[in-house]
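All remarks here apply to the structure that follows.
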Amino acid sequence: MLHHLLSLETLTTGDVSSLLSQAQTMKRQRGTSSRSTAPLAGQTIALLFEKPSLRTRVSFEVAALELGAQSLYLSPQEVGLGKRESVGDVARVLSTYVHAVVIRTFSHSILEEFASQSQVPVINGLTDAHHPCQGLTDVFTIAEEFGDVAGRTLAYVGDGNNCAHSLLQAALKMGMHVRIATPPGYGPDPMVVARAQRDAMLTGGSITLLHDPFDAVRGVDAIYTDVWTSMGQEAEAEQRRAIFAAYQVNAALVHNAAPDSIVLHPLPAHRGEEITDEVLDGSHSRVVREAENRLHVQKAILRTLLVPAESLAVLTA
Ligand code: CP
């Protein structure tokens, strides 16, 4: 049976805990003499990207290098996934050359089709529905700040998008209380919410969907936001700016959270839209550390998928 990371849906609390714990070790060991192990020596990780990226591309390339593997970046112009060649043909051929494939694409069904035809692990580097590497990193960053995340409260303010889905899944598997404030009609996928609610029953967490951002952030430990217009939605940008105007994370909103609250954003940010400069660059912001943590979490993911005997958990999706 093949093992992939397509979303966080099927991961157990134990799987998430194991990845976060491994990421913590990776982070601690980086820059010390004990980092010299190369568990992926001789392996190649392909990065097949149909959208732009800074964090995902660079952090996966550095993660591969530091684990002893090499990476191979494939741009949209080179492959033409599903256009120049069928998704299945690309998957069947590419997976004879490399040991894992990180894919950034549009429809989640393309990723699922690719994984179904791949001989090697496939990792979701962002689809329109999920961003699991980001969601795991977000919870890792909250845990780094507060210690145990179970029982902590998190408010997501803005668009119920791919980052919201993966954040919800990761946070609920770890027993957090998540409030999601979106404009009516822009909430997260009800299926994702229903499944996360099942996780909440097991972990003691909770989900609250609302529309008022001030109600959402009252007393919370962490505030999270993301762009109002995701990649591929550019034609809706002006309409979305008007619809989401009341959902900006600014100083007045942050003032309603706990005094030691942190602010997260996956980046890139549209400064002055979903978040102000004052907040993004202010004392509550942890966005640069959050971006750095992508590296450590993705090293844990690569190691878990490619050296399963050394890992405590097995991921399936
Ligand atoms: N957060 C994130 O995925 O950043 P990139 O789009 O730069 O990869």
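Here are the numbers for the structure shown:
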| read-out | value |
| --- | --- |
| Matching strands (runs of 3 or more DSSP E) fully within the range 111-189 where at least 3 residues are among the hydroxyl-bearing types (Ser, Thr, Tyr), within 16 Å of the ligand (Cβ to nearest atom) and farther than 20 Å from Val220 by Cβ | none |
| Search result, residues across the range 60-73 that are free of Cβ contacts under 8 Å to residues at least 60 places away in the same chain and in contact with a helix residue (DSSP H, G or I) (Cβ under 8 Å, 6 or more places away or on another chain) | Gln70, Ser71, Tyr73 |
| Condition met for Met191 (surrounded by fewer than 14 Cβ atoms within 10 Å (Cβ to Cβ), closer than 19 Å to Gly175 by Cβ and not hydroxyl-bearing (Ser, Thr, Tyr)) | no |
| Qualifying residues in the range 99-126 (those that are within 19 Å of Asn161 (Cβ to Cβ) and crowded, with 24+ Cβ neighbours inside 10 Å) - the one farthest from the chain's Cα centre (by Cα) | Leu111 |
| Members of the range 86-110 found to be within 15 Å of the ligand (Cβ to nearest atom) and not hydroxyl-bearing (Ser, Thr, Tyr), listed by number | Val102, Ile103, Arg104, Phe106 |
| Selected residue (criterion: surrounded by the fewest Cβ atoms within 10 Å (Cβ to Cβ)) from residues of the range 64-85 that are within 16 Å of the ligand (Cβ to nearest atom) and over 19 Å from the mean Cα position of the chain (by Cα) | Ser75 |
| Long-range neighbours under 7 Å by Cβ, at least six apart or interchain, first residue under 24 Å from Arg84 (Cα atoms) within the range 32-59, second more than 15 Å from the ligand (Cβ to nearest atom) and at pLDDT below 95 | Leu48/Val79; Leu48/Leu81; Glu50/Leu81 |
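This table checks each residue for (1) away from the ligand (no atom under 16 Å from the Cβ); (2) touching a strand residue (DSSP E or B) at 6+ places or on another chain (Cβ under 9 Å); (3) under 17 Å from Val101 (Cα atoms).
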site: Leu11; (1), (2), (3): yes, yes, no
site: Ser18; (1), (2), (3): yes, no, no
site: Gln22; (1), (2), (3): yes, no, no
site: Arg28; (1), (2), (3): yes, no, no
site: Val62; (1), (2), (3): no, yes, yes
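The values are calculated or read from the model by the stated rules, or taken from the named source; none is laboratory data. Since the structure is predicted, the reported quantities are computational estimates derived from the model, not experimental observations. Heads up, the Cβs are rebuilt from the backbone with ideal geometry, glycines too, and the neighbour counts pull from every protein chain shown.
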